[in-house]
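The values are calculated or read from the model by the stated rules, or taken from the named source; none is laboratory data. All of these numbers come straight from a predicted model, not from anything done at the bench. Here the Cβ positions follow ideal geometry from the backbone for every residue, glycine too, while neighbour counts run over all protein chains shown.
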């Protein structure tokens with residue numbers, strides 16, 4: 001009897017080993033006759049294999065309601081619970097939930113990697129739901145939703161609707177050489193862009209040249225934004241001389257919350273530069289600050305004063 005049981009167990013173990021070896025063979029990259037690696041068969045067939053394991057569902061709720069649920073998940077936790085419960089929800093609304101966007105693994109920005117799995121972004125049918133840090137502007141077309149608190153957008157013309165995807169949760173915002181167009185293709189005024197980020201704490205706006213749509217009334221409009229006075233950092237680059245420096249200077253001395261970093265465009269006039277020099281000299285003569293001293297820079301600014309102001313700012 002013991003001999004019979006031993007033979008049975010040995011037979012089971014052998015079958016398991018053979019099955020495991022066959023599975024590994026299917027996953028392992030195959031080589032051609034010259035030894036070159038072919039494409040990973042497992043990766044190419046993963047979608048078809050996934051669909052082959054799906055079966056028609058009979059829900060207790062009407063199909064229209066189930067479809068609505070699949071298309072409108074309110075949180076990432078809910079969505080992940082749904083797709084783990086039933087594949088129907090992923091098929092109807094395929095989304096990759098990630099804290100950050102996958103990193104490129106080569107100079108070709110179309111080749112990306114999640115963990116150890118590489119894929120081509122252009123061939124991906126899924127959309128992304130980013131939860132922590134968004135910095136890859138080129139994926140906007142495949143962005144389902146963004147709950148990130150840190151948002152960096154750069155080198156792109158985007159619509160106001162696209163920008164609105166980031167406004168509810170973003171706290172640390174950097175807009176680097178970004179142009180925001182309205183539905184009629186007009187450029188959205190700067191103050192409107194700042195206003196829609198209701199939870200912003202740090203705001204940076206770097207223009208390639210002079211900031212567009214920045215008028216003599218812009219700073220007055222900014223002062224009407226409720227969350228502006230609560231900013232921790234306000235950083236502008238390439239500011240035109242339409243910026244109302246007098247209104248700003250008066251406001252700055254009353255605000256002890258925000259650090260201002262202002263870099264002016266090369267096109268500002270000589271009288272405007274002179275006024276900036278006067279303000280900087282007044283800052284140097286101040287012994288005790290009841291506000292956070294700003295950093296102000298413009299073309300031809302004295303290097304010695306620049307370093308002194310830099311030390312005050314940081």
For residue 242, the lone unmet condition from (1) at positive phi; (2) surrounded by 15 or more Cβ atoms within 10 Å (Cβ to Cβ) is (1)
Picking from 300, 285, which residue would you name as being at pLDDT below 95 and at positive phi? 300
Residues that are out of contact with any strand residue (DSSP E or B) (no Cβ under 7 Å at 6 or more places or on another chain), assigned to a loop (DSSP other than H, G, I, E, B) and either in contact (Cβ under 8 Å) with a residue 60 or more places away in the chain or within 21 Å of residue 226 (Cα to Cα) (or both), drawn from the stretch 172-194: 189
Looking at this structure, is residue 245 free of Cβ contacts under 8 Å to residues at least 40 places away in the same chain, in contact with a helix residue (DSSP H, G or I) (Cβ under 8 Å, 6 or more places away or on another chain) and closer than 24 Å to residue 308 by Cβ? yes
May I ask you to say which residue of 155, 199 is out of contact with any strand residue (DSSP E or B) (no Cβ under 8 Å at 6 or more places or on another chain), farther than 20 Å from residue 242 by Cβ and not in a helix (DSSP H, G or I)? 199
Go through the stretch 282-300 and give me each residue that's assigned to a helix (DSSP H, G or I) and within 25 Å of residue 229 (Cβ to Cβ). 282, 283
Going by what's in this entry, would residue 38 be described as within 28 Å of residue 126 (Cα to Cα) and at pLDDT 55 or above? no
Checked pairs for the stretch 195-210, first over 29 Å from residue 299 (Cα atoms), second crowded, with 17+ Cβ neighbours inside 10 Å and at pLDDT 95 or above, C-beta under 6 Å and 6 or more apart or across chains, list as 195/225; 197/170; 197/173; 200/173
Cβ pairs under 6 Å, 6+ apart or interchain, first in the stretch 301-314 and in a helix (DSSP H, G or I), second modelled with pLDDT of 85 or more, ordered by first then second residue, are 309/295; 312/293; 313/295
Within the stretch 190-212, restricting attention to residues that are surrounded by fewer than 18 Cβ atoms within 10 Å (Cβ to Cβ) and within 10 Å of residue 237 (Cα to Cα), which residue is modelled with the highest pLDDT? 204
Of all residues in the stretch 155-189 being buried (at least 17 other Cβ atoms within 10 Å of the Cβ) and in contact with a helix residue (DSSP H, G or I) (Cβ under 6 Å, 6 or more places away or on another chain), the one that is farthest from residue 220 (Cα to Cα): 162
If you take the residues of the stretch 114-131 that are surrounded by 13 or more Cβ atoms within 10 Å (Cβ to Cβ) and either more than 26 Å from residue 52 (Cβ to Cβ) or modelled with pLDDT of 75 or more (or both), which of them is farthest from the chain's Cα centre (by Cα)? 124
If I go through the stretch 209-266 residue by residue, how many of them are part of a loop (DSSP other than H, G, I, E, B) and out of contact with any strand residue (DSSP E or B) (no Cβ under 9 Å at 6 or more places or on another chain)? 13
If we scan the stretch 274-281, do we find a residue that is surrounded by fewer than 19 Cβ atoms within 10 Å (Cβ to Cβ), in contact (Cβ under 8 Å) with a residue 12 or more places away in the chain and in a loop (DSSP other than H, G, I, E, B)? no
